[in-house]
């Protein structure tokens with residue numbers, strides 16, 4: 001059994017993650033490495049975007065985010081936890097490192113966010129919240145609080161999907177309903193944050209279960 005009830009739900013989560021990783025990697029690193037299309041929507045900025053430096057930071061951001069998504073998904077597998085406990089632990093630290101890199105690079109890019117301060121402020125708040133939840137999960141497992149560790153990991157991992165939800169919402173609103181891109185993106189930012197928080201709590205409440213809790217508490 002996986003942390004999520006049923007292997008099919010876990011497989012669905014992994015499949016969605018992999019599809020999104022392939023899409024993001026291709027789009028941002030191969031098809032449009034300078035993010036020309038995305039940057040074309042950024043208007044009325046108070047400062048010019050240093051495109052070469054911004055693009056390099058964006059590439060690091062994308063790679064770290066993808067690694068965090070993979071690492072987090074792997075650590076929700078009870079099979080890997082049971083058979084490869086050392087890998088689970090190392091992979092967990094990799095997840096924390098990747099989240100830290102994502103947060104730092106996001107902080108650099110926040111002042112150039114589409115829509116200005118109305119979106120850059122929640123991005124910065126999310127960075128603080130996400131890393132705080134990740135560290136909380138780490139502290140809980142150090143204290144052998146397995147139940148609390150898994151719950152905080154669910155909350156932390158939900159924020160790996162922030163960018164996916166933002167662009168999904170903005171795509172539907174802009175391309176589907178003709179709403180101006182900046183407004184669509186703004187709705188996407190706030191909508192993604194709500195979806196992450198609500199989705200994580202729903203998973204904890206209705207889908208989540210604790211695997212191997214006694215073993216983890218005894219050996220961690």
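Annotations
- Convex hull per residue volume in Å³, alpha carbons only, for the chain: 117 Å³
- Order of 189, 51, 57 - criterion: other Cβ atoms within 10 Å of each residue's Cβ, fewest first: 51, 57, 189
- Net length available on complete extension from residue 135 to residue 23 is 37.4 nm, with 0.36 nm assigned per residue and the Cα-Cα distance removed.
- Calculated FRET efficiency, residue 30 to residue 194, Cβ-Cβ distance, R0 = 45 Å: about 0.90 to the nearest 0.05.
- Gain on full stretching of the segment that runs from residue 108 to residue 143 - 0.36 nm per residue minus C-alpha separation: 9.3 nm
- Largest GNM mean-square fluctuation across 132, 92, 176, computed for the chain with C-alpha springs under 10 Å, falls on 176.
- Axis of helix 117-142 versus longest Cα principal axis of the chain: the two differ by about 10°, to the nearest ten degrees.
- Ranked list, fewest to most other Cβ atoms within 10 Å of each Cβ, for 144, 151: 144, 151
- Highest GNM mean-square fluctuation among 71, 53, 11, for the chain modelled with Cα contacts below 10 Å: 53.
- For the chain, the longest principal axis of the C-alpha atoms and the axis of helix 85-109 are separated by about 20°.
- Kirkwood-based Rg to Rh ratio, segment 1-110, C-alpha trace: 1.08
- Computed over the chain, the per-residue total of -39500 (n - 2.57) for DSSP H runs of n ≥ 4 gives a 222 nm mean residue ellipticity of -23500 deg cm²/dmol, rounded to 500.
- This ranking places 143, 205, 89, 155 by how few other beta-carbon atoms lie within 10 Å of each, fewest first, which gives 205, 143, 89, 155.
Throughout, read-outs are computed from the coordinates displayed, never taken from laboratory work. Not measured: the values here are computed from a predicted model. Cβ sites come from the backbone with ideal geometry, for glycine too, and all protein chains shown count toward neighbours.
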